[in-house]
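Remarks on the structure that follows.
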Amino acid sequence: MLTLGSDRLITEKKPEIFYPSEDGEPLAESFVHIDAIVLLMVLLRQYLQDYFQPQKPLILANQYVYYAENFPRLRFTPDVAVIFGVEPGPRDNYKIWEEKQVPAIIFEITSPGTQNEDKKTKKNLYESIGVQEYWLFDPKAEWIPEQLRGYRLVGGEYQTINDRHSEVLALRLQPEGALLELYRRDTGEKLLLPSEVTEALRQQTLARQVAESNLEQERQRAERLAEQLRQLGVDPDRV
């Protein structure tokens with residue numbers, strides 16, 4: 001804005017708009033919900049690093065996503081979101097107009113306290129900005145009897161997903177108690193936590209060692225038997 005002074009024009013700088021990165025609220029309302037969020041994040045991070053190459057998708061968790069430039073109040077905070085086609089690396093917040101990509105899939109770990117916002121406000125918003133898939137997981141089965149409810153964008157509108165398959169991630173989603181387990185659609189393989197992978201490798205190593213030990217014992221037994229036959233004047237290769 002320009003204003004006329006006594007002897008010169010003075011340029012007034014427009015104040016910079018501040019986009020907060022946190023609201024001071026807890027990650028989730030209970031440890032059950034926190035566990036579900038953390039497990040989902042860890043499984044997805046490991047899977048996306050291995051499955052999607054060369055560009056690794058960005059995973060956001062409980063971070064502000066701003067969807068209207070110059071309007072810092074127009075924002076949402078997904079529990080877990082996956083975004084494709086952007087530069088990797090951490091962000092304090094995410095501005096859609098700068099990154100040029102909306103989340104491809106969003107998970108909300110829901111409860112009766114967030115039910116109305118999750119199934120109405122957020123659902124309508126995610127549909128309007130073009131989030132391809134939206135999943136609600138109720139770890140305590142407090143308002144979703146089947147615990148998991150998904151929506152897929154079809155012709156600009158959300159349609160209910162009936163088979164628990166995510167086309168965006170090529171995964172099958174399966175509630176297991178208060179946690180959401182993930183299975184690869186191409187192999188049916190369950191995604192494991194790093195600790196579970198370590199334990200599985202340990203068990204495989206032990207099994208291989210046992211098999212090798214048994215094979216060695218069989219080889220030694222066969223050699224003793226062959227020696228006994230030779231002592232009796234029998235050629236073991238002709239038996």
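Mind listing the long-range amide H neighbours of K95? Cut-off is under 5 Å, sequence gap 5 or more, other chains count too, H placed in the peptide plane at 1.01 Å from N.
It is Y66, by chain and number.
Taking one equal scatterer on every alpha-carbon of segment 31-191, how large is log10 of I(q)/I(0) by Debye at q = 0.10, 0.11, 0.17, 0.18 1/Å?
-0.34, -0.41, -1.05, -1.19
Please compute the net charge surrounding A178, taking Lys and Arg as +1 and Asp and Glu as -1 over other residues with Cβ under 12 Å from its Cβ.
For residues surrounding A178, the net value is -4.
With +1 on the Cβ of every Lys and Arg and -1 on the Cβ of every Asp and Glu, and nothing else charged, how large is the dipole of segment 31-191 about its Cα centre, in debye rounded to the nearest 20?
Its charge dipole is roughly 160 debye.
Hey, rough spin-label estimate for Q46 and Q159, points 7 angstrom out along Cα→Cβ, what's it come to in nanometres?
Spacing of the two 7 Å Cα→Cβ label points: 3.4 nm.
Give a residue-ordered list of calculated ³J(HN,Hα) values for segment 169-178 (Karplus: 6.51 cos²θ - 1.76 cosθ + 1.60, θ = phi - 60°; whole Hz; x for Gly, Pro).
Using θ = phi - 60°, the values come out as 9, 6, 10, 9, 9, 9, x, 10, x, 9 Hz.
Run the simple label-point estimate for E223 and T187 please: 7 Å along Cα→C-beta, distance reported in nm.
Computed distance between label sites E223 and T187 equals 3.7 nm.
What are the ³J(HN,Hα) values, in whole Hz, obtained from phi via the Karplus relation 6.51 cos²θ - 1.76 cosθ + 1.60 with θ = phi - 60°, for each residue of segment 97-107 in sequence order, with x given for Gly and Pro?
So the J values, rounded to whole Hz, are 5, 7, 7, 6, 9, 9, x, 7, 8, 10, 10.
Pull up all non-local amide H partners of L191: gap of 5 or more, or a different chain, and H-to-H distance under 5 Å with H placed in the peptide plane.
Long-range HN contacts for L191: L182, Y183, R184.
Given a cut-off of 26 Å, name the pairs among K95/K119; K119/K190; K122/K190; K119/K140; K95/K123; K120/K140 whose C-alpha atoms lie farther apart than that in the structure shown.
K119/K190; K122/K190
A short reminder: the numbers here are calculations on the coordinates, not readings from a lab. Nothing here was measured: the structure is a model prediction, and the numbers come from that model. Don't worry about glycine lacking a Cβ; one is built from the backbone with ideal geometry, like all the others, and counts go over all protein chains shown.
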